[in-house]
Protein chains: 2
Amino acid sequence: MTHYQASLRDIHFALFELLDYEQHCNAVTHIPLEPELVQTFFNEAARFAVEQVAPLNAVGDQQGCQLRDGMVTTPDGFKAAYEQFCASGWPTLTRTPAYGGQGLPQSLGVVINEIIGTPNWAWGMYAGLSQGAMHTIEVHGTDQQKQQYLPPLISGQWTGTMCLTEAHCGSDLGLLRTKAEPQADGTYRITGNKIFISSGDHDMADNIVHIVLARLPDAPSGTRGISLFIVPKILIDDESHLREPNKVLCTALEHKMGIHGNATCELSFEGATGFLLGELNKGLAHMFTFMNMARIGTALQGLAHAELGYQHARTYARERLQMRSLSGVKNPDAMADPIIVHPDVRRMLLTQKALVEGVRMLIYYTSLYADKPQVEGAQDMLGLLTPIAKAFCTEVGFESANLALQCFGGHGYIRDWGLEQNLRDCRIASLYEGTTGIQALDLLGRKVLGSGGAILQPLLQEIEHFCRTYESDAALSAHVAQLTTLNQEWKDLTQTIAERSAHNLDEIGAASVDYLMYSGYLVVGYLWLRAHQVALQRIAKGTTEAQFYRAKIMTADFYYARILPRSKTLAATIRSGADNVMAMASEDF
Amino acid sequence: MTHYQASLRDIHFALFELLDYEQHCNAVTHIPLEPELVQTFFNEAARFAVEQVAPLNAVGDQQGCQLRDGMVTTPDGFKAAYEQFCASGWPTLTRTPAYGGQGLPQSLGVVINEIIGTPNWAWGMYAGLSQGAMHTIEVHGTDQQKQQYLPPLISGQWTGTMCLTEAHCGSDLGLLRTKAEPQADGTYRITGNKIFISSGDHDMADNIVHIVLARLPDAPSGTRGISLFIVPKILIDDESHLREPNKVLCTALEHKMGIHGNATCELSFEGATGFLLGELNKGLAHMFTFMNMARIGTALQGLAHAELGYQHARTYARERLQMRSLSGVKNPDAMADPIIVHPDVRRMLLTQKALVEGVRMLIYYTSLYADKPQVEGAQDMLGLLTPIAKAFCTEVGFESANLALQCFGGHGYIRDWGLEQNLRDCRIASLYEGTTGIQALDLLGRKVLGSGGAILQPLLQEIEHFCRTYESDAALSAHVAQLTTLNQEWKDLTQTIAERSAHNLDEIGAASVDYLMYSGYLVVGYLWLRAHQVALQRIAKGTTEAQFYRAKIMTADFYYARILPRSKTLAATIRSGADNVMAMASEDF
């Protein structure tokens, strides 16, 4: 098996060379963040990931989690690695200084999560969900709640979860039934069953802080009657000391396709004590604080599996000898050539490379907007890019992980190589935190059409501006022309759907996923063109890394030649309208 | 969980209404095969599949096969179902009458394999590979070999395998090392290790007949020095009575992503006794008799998982209540509408339906040519269509099974629903029996360009003829125009690749997979148009099944609106040429 290495060079390129992260940090934080310091964080995270996290990936899959006598145990080594992780202070990086955090930008946390989570996503999820729980308390908690819950969460001594789904409602949270009955002491009595709770119970932390959606007895029906609660696994006193167990039971672990190392729990709240978080009946809106962060985290998961698969596939393709190159023997000293000489293997590898590096740029580009909520337009840009990043990165991440497996031929299907686990682990990413279909409705219905298209304008203009700047640059002009056309087409497609949906709202759903994917290919295309331009510039200036920059340019060329043309099909299917999906009667399927 | 039902109505449509199977049978066999008799076979197969085979699918996945003390045991119930299968005479259908077969057309066996294999492919593979072994002996065996081996294989008392792959060679069989040393008695001493042998050892039959590729000590190197051998697990006498065990050991079972119910073995031949099958050094050519049949069988596997997933998904989509339709409440008596009202769920279901029914037509259309090897042009047509069917049906079968899982949201990821097993089981199909890349080289390099394009002519002309016949039919003309353009483009793309490859053979590999997929979408598009025409005709004549035929037309419309436009992207990527995949140095990936 291949040993995971963090892609530190490419991370540096995307952050510092493409997105000018140095200047970004100066603008968004007063903490001095020299590039060298940031690089030190990344190097240390990479060392930890390689030494402590990667070796637990296969064992996590094969052992899974166990529920015995109401207690969940994680696979061998998970707890020890988590203790190391906390001892090094990793959970504190981006959290509030007043409660033990270091106050670094969210985007930095995203990169750290990528580096540490890539070799073992199931392990990384325990700490990942905790970050969302902390962030939700930071934004919506009272001072007392922050005082009580944040310090042990930030140190990593406790972890957090997000409790939304019930057996009968996933996408449609308005249907949820978990009850919250007000008590005389100001607390709430929480009763109900939640399913699919990632990291819902385990043996790695002293306490687990569940962030739970529930409904008051007299609350309005639907999504307007949902409130948010803090429900700790173990009740605490004002000084955060553990008191007695709360009435929250893990009643089952799900048997899943993958991410076996993460405990996906059914939780039964049996009159558990809960504490209102934020305002009554604003629970769903508050939970979006958590979910939007989790969506970027899940976008990262798409990248992680694509990256891990790609690292394995390119190593295998260099080492596996099979058949001679059609254009002449390349490896005369052996019986066959390495399969990396074969054009179709290269096509699969380059597809992975273009997607891995492309979604990395997209996720970083998106996460920079999370660092500056106060800057005008940043929230809108984040709102626009988040569903694209979540759905696009997980969909093409799965495609990429699948191609990695394909590069191994039959060996890819065998457990020992790790490719099949990688694909199984990846498959969840386009389902949880809102399926691809849900992201697409959020993007097209709620955000793009909901704003009358206004939310698109800044990005359309940014791309247009970039294209105008480089349209007469001989090395870039062909790609610029292609991107300009697609940017205009994006506007036209939006307009077409807007007009049709004025008469028939099903036009939105019928176009939504293809529209989201179109948007993803376009935005990543824009970022690849910027990468191309930066690489040209570095070569022109003179560099000892000309080979690296030339590979960037070749990958951009590949993206424009072989990936971006997917927009042709998507434009055609979007334009085909809703009738071809709505005509058939339900019973005729 | 949904209960599997064989798609008997659609099978009947594809065979009898679309492909005029009645007339076909009259032409290819002297055995009277009235449609009613054929339908009786299908009904009985469906009953057996539903009652005996389907219930073993989940248990097969969860128990898997076990190797203990050199003996392989299959999951609970597998052996009993296999005995029932043999008792009903299913293995005999298409085999030679002189040795106990019924001599029915190959195509009939394909449909029976589909019906019985769909609910449990891992189980179906035991009998499926046997058919390939029998066919290879029928074609290449001596009279004595046929006399000795065929009767117990045809009765199902014994099963067969195909032993090609070794650890260091899969796609590149020229590298194989298994030795066959001639003995004084005319037998051969076989020594070597084979991996990935499906159904390689098990407890369901009295004997296993391995069909093994090996190399004589003085044989030419590469593929020209490979011979084929019969190597029984247990040696037999002239009357086919079992004598003593041969020196063939199962040394390990592979841990695979799926098809756990099928024993995928490492076999060690330790001086085993083998019998030459066919001519010396013609082994690879002979093995293609087996492989071509296995490739159509594997195309069926793509259909099987697509069909099984689709059956689950459409039932779930009708029952699962989640959110209201954007275009107005559809289910006012409940809290939410069934998800089948949502356009994106319909898009996913219709994609599955169009692909399932489309690949069924493609596989049947292909298999008819296997029934008439003596008819002029039939072998070429079979040679052209087999790699398309194998690769296209397994690739879109995986896509379809994946969409079925997606329709379940998070529940699709949980074992209990069966969707994740279906996807895992499906994943092998584009790897074994020649990967998609290998099929694509066979199609484009060996067959299309190898014949100077001549092999394409009959199909191009058939499509052209069909289009001309219906170009002024108002109901069909839009689709006819679309298909005519694509048919012409197919020719142009072939010509373009031919010209480029004259200068650079890597142009073939760089275009190959996209060319194969383009071909698949086009041929299935042709068959959908024929289905559309047949459905119109039936409605015009008057029918009690107008609803069925209208659904066919709507699905054809969907295929033309939402699936066939994929050709736009493929044409663009094919035209982009080899430079974008060949430019990068191996070390820069």
In segment B:491-518, what residues are without any contact (Cβ under 8 Å) to a residue 40 or more places away in the chain and facing chain A (nearest Cβ under 8 Å)? B:Leu505
Is it the case that some residue within segment A:300-312 is surrounded by 24 or more Cβ atoms within 10 Å (Cβ to Cβ), touching a residue at least 12 places away in the same chain (Cβ under 8 Å), farther than 24 Å from A:Tyr413 by Cβ and within 13 Å of chain B (Cβ to nearest Cβ)? no
Taking segment A:7-45, which residues are under 25 Å from A:Ile539 (Cβ atoms) and either outside any helix (DSSP H, G or I) or in contact with a strand residue (DSSP E or B) (Cβ under 6 Å, 6 or more places away or on another chain) (or both)? A:Ser7, A:Leu19, A:Asp20
Scanning for something out of contact with any helix residue (DSSP H, G or I) (no Cβ under 9 Å at 6 or more places or on another chain), open to solvent by 40 Å² or more (accessible area, probe 1.4 Å) and touching a residue at least 12 places away in the same chain (Cβ under 8 Å), does segment B:97-113 turn up at least one residue? no
Since B:Met291 meets every condition but one in (1) closer than 30 Å to B:Tyr364 by Cβ; (2) without any contact (Cβ under 8 Å) to a residue 40 or more places away in the chain, which condition does it not meet? (2)
Quick one: how many residues across segment A:239-276 are open to solvent by less than 20 Å² (accessible area, probe 1.4 Å) and either under 25 Å from the mean Cα position of the chain (by Cα) or at pLDDT below 95 (or both)? 9
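One line per residue, one yes/no per condition, for (1) within 19 Å of A:Leu522 (Cα to Cα); (2) in a loop (DSSP other than H, G, I, E, B); (3) among the charged types (D, E, K, R); (4) touching a Pro at 6+ places or on another chain (Cβ under 9 Å):
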{"residue": "A:Glu420", "(1), (2), (3), (4)": "no, no, yes, no"}
{"residue": "A:Cys426", "(1), (2), (3), (4)": "no, no, no, no"}
{"residue": "A:Glu433", "(1), (2), (3), (4)": "no, yes, yes, no"}
{"residue": "A:Ile438", "(1), (2), (3), (4)": "no, no, no, yes"}
{"residue": "A:Lys447", "(1), (2), (3), (4)": "yes, no, yes, yes"}
{"residue": "A:Gln457", "(1), (2), (3), (4)": "yes, no, no, no"}
{"residue": "A:Gln461", "(1), (2), (3), (4)": "yes, no, no, no"}
Take the conditions assigned to a helix (DSSP H, G or I), of a type in the set (Val, Ile, Thr), in contact with a Gly (Cβ under 8 Å, 6 or more places away or on another chain) and in contact (Cβ under 8 Å) with a residue 24 or more places away in the chain and apply them to A:Val534. Does it pass? no
Give the residues of segment A:539-583 that are part of a loop (DSSP other than H, G, I, E, B), crowded, with 20+ Cβ neighbours inside 10 Å and more than 8 Å from chain B (Cβ to nearest Cβ), sorted by residue number. A:Leu564
Can you list residue pairs whose Cβ atoms sit under 6 Å apart, with the first residue in segment B:316-341 being within 7 Å of chain A (Cβ to nearest Cβ) and within 18 Å of A:Thr223 (Cα to Cα) and the second being open to solvent by 20 Å² or more (accessible area, probe 1.4 Å) and part of a strand (DSSP E or B)? Count only pairs 6 or more apart in sequence or on different chains. B:Ala336/B:Leu321
Please determine, by comparing only the residues of segment B:136-164 that are buried (at least 20 other Cβ atoms within 10 Å of the Cβ) and polar (S, T, N, Q), which one is nearest to the other protein chains (Cβ to nearest Cβ). B:Thr161
Could you grab me the full set of residues in segment A:435-466 that are more than 10 Å from chain B (Cβ to nearest Cβ) and open to solvent by less than 10 Å² (accessible area, probe 1.4 Å)? A:Gln439, A:Leu443, A:Leu444, A:Val448, A:Leu456, A:Leu459, A:Leu460, A:Ile463
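Residues are listed down the side, and each one gets a yes or a no for (1) open to solvent by less than 10 Å² (accessible area, probe 1.4 Å); (2) aliphatic (A, V, I, L, M); (3) more than 11 Å from chain A (Cβ to nearest Cβ):
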position	(1), (2), (3)
B:Met361	yes, yes, yes
B:Lys372	no, no, yes
B:Gln379	no, no, yes
B:Pro387	yes, no, yes
B:Phe392	yes, no, yes
B:Leu405	yes, yes, no
B:Gln421	no, no, no
B:Asp425	yes, no, no
B:Glu433	no, no, no
Counted residues, segment B:165-203 - those being on the phi > 0 side of the Ramachandran plot and either in contact with a helix residue (DSSP H, G or I) (Cβ under 6 Å, 6 or more places away or on another chain) or open to solvent by 50 Å² or more (accessible area, probe 1.4 Å) (or both): 3
Those residues that are touching a residue at least 24 places away in the same chain (Cβ under 8 Å) and open to solvent by 50 Å² or more (accessible area, probe 1.4 Å), I need them from segment A:204-238; list them, please. A:Asp206, A:Pro217, A:Pro220, A:Ser221, A:Thr223, A:Arg224, A:Lys233, A:Asp238
Under the condition of being polar (S, T, N, Q) and over 24 Å from B:Gly453 (Cβ atoms), which residue from segment B:470-507 is surrounded by the most Cβ atoms within 10 Å (Cβ to Cβ)? B:Ser477
Which condition number in (1) without any contact (Cβ under 8 Å) to a residue 40 or more places away in the chain; (2) hydrophobic (A, V, I, L, M, F, W, C); (3) in contact with a Cys (Cβ under 6 Å, 6 or more places away or on another chain) is the one that B:Ala474 fails? (3)
Any idea which residue in segment A:250-288 is nearest to the other protein chains (Cβ to nearest Cβ), counting only those that are part of a loop (DSSP other than H, G, I, E, B) and within 25 Å of A:Gln145 (Cα to Cα)? A:Asn281
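The values are calculated or read from the model by the stated rules, or taken from the named source; none is laboratory data. In this text, all values refer to a predicted model and were calculated from it rather than measured experimentally. In this analysis, Cβ positions are derived from the backbone assuming ideal geometry, glycine residues included, and neighbour counts consider all displayed protein chains. Please note that ligands, DNA and RNA were not included when accessible areas were found on the heavy atoms of the full protein model with its side chains. Shrake-Rupley method; radii C 1.70, N 1.55, O 1.52, S 1.80 Å.
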